[in-house]
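Contents: one structure, followed by commentary.
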Amino acid sequence: MDIITWGFDPGMILVRKETAQSGQRYGDLLIEIATRKKNPVKVRLLIWHDDFVSQKIMNNTPGYYGPSLPTIGANGGVGYYSEGHQNYSAEWYAKVVNREFENICLHVRHVKSDLLGRSMEGEVPPKNLGFTGTVAVLYAAHHQKMILIDFERPKSAVGYVMGHNSTTEYWDTAEHIFGDIRRERVFDMPQAELLKRAWKEGPSFEGASPGYSPPPHLMRQKERAVQDYIDRHSRIVKPYQDVSCRVRGPVLHDLNHNFCQGWHESEPPGSAFLDLLWFLGPLRLVYKIVRAIRDMSDMQMDPGFIARRNKIGISEFPRQGQEHTVQLVRTQPLHGEKAAKECYANLTRQMTHYIFIQNQYIQYAAWAAHLRTCVHNLREAGYTKPVYVFLVTSTPERAGMDGPTHEVAGGIGQIKTMPRLHQEAVKVAERGGTRPPVSEEEMIESGINVVMSSMWTCSAASGKLLPSDYEEIYIHTKVAIVDDAAFTAGSTNLNLRSMAVDSELNLLSNAAVVAYDLRMKLFQQCAGKAGPGCFGDMSAAYNAWKSLRDDNLAKKNRGENLVSQLMPFYVDRKFSSSLI
């Protein structure tokens, strides 16, 4: 079992019953299959890890440096898992790093900062890039997510090209139930510290004589006060939207190449001690010696697997009737690849009726300009039918991402979605004598009809709802569908990092039946209706989406239940220097 992921939380429970803690932890599942007596599985886990600083900021490997660091925070709102969860993850990493399980091997990898110049060739950074944004781009990430199972048994092998992260705050259901207790509860501080502070709330029993038993009414007051404090300083993590693809057949040959190449270019994990040795210059020789010893130990688990797999030909994988054509596309800064960028460019270029994009970050201004150029070329060639652009994204978790988002919104006529930044952009254009952002009317006149939305959920309670009874669904998806004819899905965001800087992996296919099925499922999930039949006219769906968004916003303002998950995309924050 080969796993590549941006981050890994061994304490995550994959299949959950009544609560977030009811089920088997991911780490225990891997231990179970790796240590069973009959047909034990060799597990190779490859994760992105730069250094202590990147973990402190991104929190993508909770437990890697022990139980004390915050365990979430990459997407806003630092938090801690329960003490039991954090301790489990720390103990799991410690055991795996020390090779206590013969058949579990962990590697880490990073992107060298000296590749940044090559990665940025031909790219235009966001406007108003501040110091933080400049520093952030130095930390390029390995953002791929994939799983490959039983590659050396081609007839039964299966793989996954994924958007999903392997950390517990990304767990959710397609229904995105408001306040679902199957999503993790995280705390504002370490749980032990929180409980200590909470116990000081309400009636105090300190100084009571030995054997004193508080009367029931005081105990009830105490319990309510303690629980109220815990509730104020903890929360259930936000709902998450994501998509992954299961694949079989010859494409697994390419999936294996991606894994083996990454494994060859990675290394066994260091510990906090080894990382600190590296930072202490005089001890770097000691670091290299310890690293060499660890590398020799690491090679004990099936060192010849890559050479053995190289002998497996692509023809050995069953084609199952050659139903669909599939291609893997990557951004891979280590090898100068930007095929994922070309994938988005080509899908947009080939569109003649609609494109649907659901993406965590819609922040690549070059794509907005490319869209307008593609439709203009269609018009020049005599094609006069309107095209429809359905965009679904969420509020950027950091204000520094607003600028790049507005560069796209302002380039496709969605200027009303970010009023403060739009006003600032108009002022800048007037002062500099440059063109202001494109208006919605101009886009429609050019034949491009855009609807930009976000997704929300709400409490199912009856009666008037409070503002706290509504919650935005965090879009982590990376999907694009064109004309019910082709689609891409995987790890690639529509931003500069994914197009050029971070490593990414996407699936591209012209399997119309799959594209259509995926479009229907996502439309149904967002709007409550699957839209027209395959290759049908999208004009009615476009108008319905605009009406549904506005109706839901009005219902939210009146405290009513939403009728679907669609809401207008809207961000109204003060200007902040941009991030990449």
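The values are calculated or read from the model by the stated rules, or taken from the named source; none is laboratory data. In this text the structure is predicted, and so the values were computed from the model without any measurement. Cβ: placed from backbone, ideal geometry, glycine included. Neighbour counts: every protein chain shown. Note: accessible area is taken over every heavy atom of the protein model, side chains too, but ligands, DNA and RNA are not part of it. Shrake-Rupley method; radii C 1.70, N 1.55, O 1.52, S 1.80 Å.
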| Do we find a residue being of a type in the set (A, V, I, L, M, F, W, C) and open to solvent by 50 Å² or more (accessible area, probe 1.4 Å) anywhere in the range 162-176? | yes
| request: Please work out which one of (1) of a type in the set (A, V, I, L, M); (2) more than 27 Å from the chain's Cα centre (by Cα); (3) part of a helix (DSSP H, G or I); (4) within 27 Å of LEU255 (Cα to Cα) is the condition ILE312 fails and give its number. | output: (3)
| request: Would you point out which residue out of ILE306, ILE357 is hydrophobic (A, V, I, L, M, F, W, C), open to solvent by 20 Å² or more (accessible area, probe 1.4 Å) and not in a loop (DSSP other than H, G, I, E, B)? | output: ILE306
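Only one residue in LYS38, LYS95, LYS42, LYS56 is surrounded by fewer than 17 Cβ atoms within 10 Å (Cβ to Cβ), basic (Lys, Arg) and closer than 30 Å to ALA399 by Cα. Which one? Before you say what the answer is, go through the steps one by one.
Working: LYS38 fails: closer than 30 Å to ALA399 by Cα; LYS95 fails: closer than 30 Å to ALA399 by Cα; LYS42 fails: closer than 30 Å to ALA399 by Cα.
Step by step, each of LYS38, LYS95, LYS42, LYS56 is checked, and only LYS56 is surrounded by fewer than 17 Cβ atoms within 10 Å (Cβ to Cβ), basic (Lys, Arg) and closer than 30 Å to ALA399 by Cα.
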| remark: Checked VAL513, VAL563 against criteria (more than 22 Å from GLU323 (Cα to Cα) and either open to solvent by 40 Å² or more (accessible area, probe 1.4 Å) or in a loop (DSSP other than H, G, I, E, B) (or both)); the one match is VAL563
| the range 392-434, residues that are of a type in the set (A, V, I, L, M), open to solvent by less than 20 Å² (accessible area, probe 1.4 Å) and touching a Leu at 6+ places or on another chain (Cβ under 9 Å) | VAL392, VAL408, ALA409, ILE412
| THR373: in contact with a His (Cβ under 7 Å, 6 or more places away or on another chain) and either surrounded by fewer than 23 Cβ atoms within 10 Å (Cβ to Cβ) or not in a helix (DSSP H, G or I) (or both), yes or no? | no
| When you go through SER468, SER503 one by one, which is the residue that is open to solvent by 10 Å² or more (accessible area, probe 1.4 Å) and polar (S, T, N, Q)? | SER468
| task | Considering each of GLU206, GLU193, GLU169 in turn, give the residue that is part of a helix (DSSP H, G or I) and without any contact (Cβ under 8 Å) to a residue 60 or more places away in the chain. | result | GLU193
| request: Filter the range 522-562 down to residues that are out of contact with any Ser or Thr (no Cβ under 6 Å at 6 or more places or on another chain), without any contact (Cβ under 8 Å) to a residue 40 or more places away in the chain and at positive phi, then give me how many there are. | output: 1
| remark: If we ask which residues in the range 353-383 are more than 26 Å from the chain's Cα centre (by Cα) and closer than 25 Å to PHE569 by Cα, their number turns out to be 5
| Looking at the range 554-580, which of the residues that are of a type in the set (Lys, Arg) and under 26 Å from the mean Cα position of the chain (by Cα) is farthest from LYS416 (Cα to Cα)? | LYS574
| task | Return a yes/no flag: does the range 148-159 have any residue that is within 30 Å of ASN256 (Cβ to Cβ) and either among the hydroxyl-bearing types (Ser, Thr, Tyr) or under 16 Å from the mean Cα position of the chain (by Cα) (or both). | result | yes
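Please indicate, with yes or no, whether at least one residue in the range 128-148 is outside any loop (DSSP other than H, G, I, E, B) and more than 30 Å from TRP367 (Cα to Cα). Let's see the steps before the verdict.
First, pick out the residues of the range 128-148 that are outside any loop (DSSP other than H, G, I, E, B): 129, 131-136, 142, 146-148.
Next, from what is left, pick out any that are more than 30 Å from TRP367 (Cα to Cα): 148.
There is at least one residue in the range 128-148 that is outside any loop (DSSP other than H, G, I, E, B) and more than 30 Å from TRP367 (Cα to Cα).
Quick check: is even one residue across the range 139-148 within 26 Å of LEU507 (Cα to Cα), open to solvent by 50 Å² or more (accessible area, probe 1.4 Å) and at pLDDT below 90? Working first, answer last.
Restricting attention to the range 139-148, the residues satisfying the condition of being within 26 Å of LEU507 (Cα to Cα) are 139-148.
Going one step further and asking which of them are open to solvent by 50 Å² or more (accessible area, probe 1.4 Å), we end up with 139.
This time we only want the ones that are at pLDDT below 90, so: 139.
Checking the range 139-148: at least one residue is within 26 Å of LEU507 (Cα to Cα), open to solvent by 50 Å² or more (accessible area, probe 1.4 Å) and at pLDDT below 90.
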| Pairs, please: C-beta under 7 Å, at least 6 apart or cross-chain, first residue in contact (Cβ under 8 Å) with a residue 24 or more places away in the chain and in the range 445-459, second assigned to a strand (DSSP E or B) and open to solvent by 10 Å² or more (accessible area, probe 1.4 Å)? | ASN449/TYR388; SER453/PRO568; SER454/GLU472; TRP456/TYR470; TRP456/GLU471; TRP456/GLU472; THR457/GLU471; CYS458/TYR470
| Near pairs, Cβ below 7 angstrom, 6+ apart or cross-chain, from the range 398-413 (farther than 20 Å from HIS370 by Cα) to any residue that is in a helix (DSSP H, G or I) and open to solvent by less than 10 Å² (accessible area, probe 1.4 Å) | GLY400/GLY133
| Flag if ALA307 is small (Gly, Ala, Ser) and under 26 Å from THR477 (Cα atoms) | no
| message | What's the number of the only condition in (1) of a type in the set (S, T, N, Q); (2) in contact with a helix residue (DSSP H, G or I) (Cβ under 6 Å, 6 or more places away or on another chain); (3) open to solvent by 30 Å² or more (accessible area, probe 1.4 Å) that SER453 fails to meet? | response | (3)
| task | Considering (1) over 26 Å from the mean Cα position of the chain (by Cα); (2) of a type outside the set (Asp, Glu); (3) in a loop (DSSP other than H, G, I, E, B), say which one TYR542 fails and leave the rest. | result | (3)
| query | Condition test on HIS406, is it part of a helix (DSSP H, G or I), more than 22 Å from TYR474 (Cα to Cα) and touching a helix residue (DSSP H, G or I) at 6+ places or on another chain (Cβ under 7 Å)? | reply | no
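Select from the range 566-580 the residues that are of a type in the set (A, V, I, L, M, F, W, C), assigned to a loop (DSSP other than H, G, I, E, B) and in contact with a Ser or Thr (Cβ under 7 Å, 6 or more places away or on another chain) and list them in ascending order. Spell out how you get there, then give the answer.
Within the range 566-580, the subset of a type in the set (A, V, I, L, M, F, W, C) is 566-567, 569, 571, 575, 579-580.
Next cut, assigned to a loop (DSSP other than H, G, I, E, B) only: 569, 571, 575, 579-580.
Across the range 566-580, the qualifying residues are PHE569, VAL571, LEU579.
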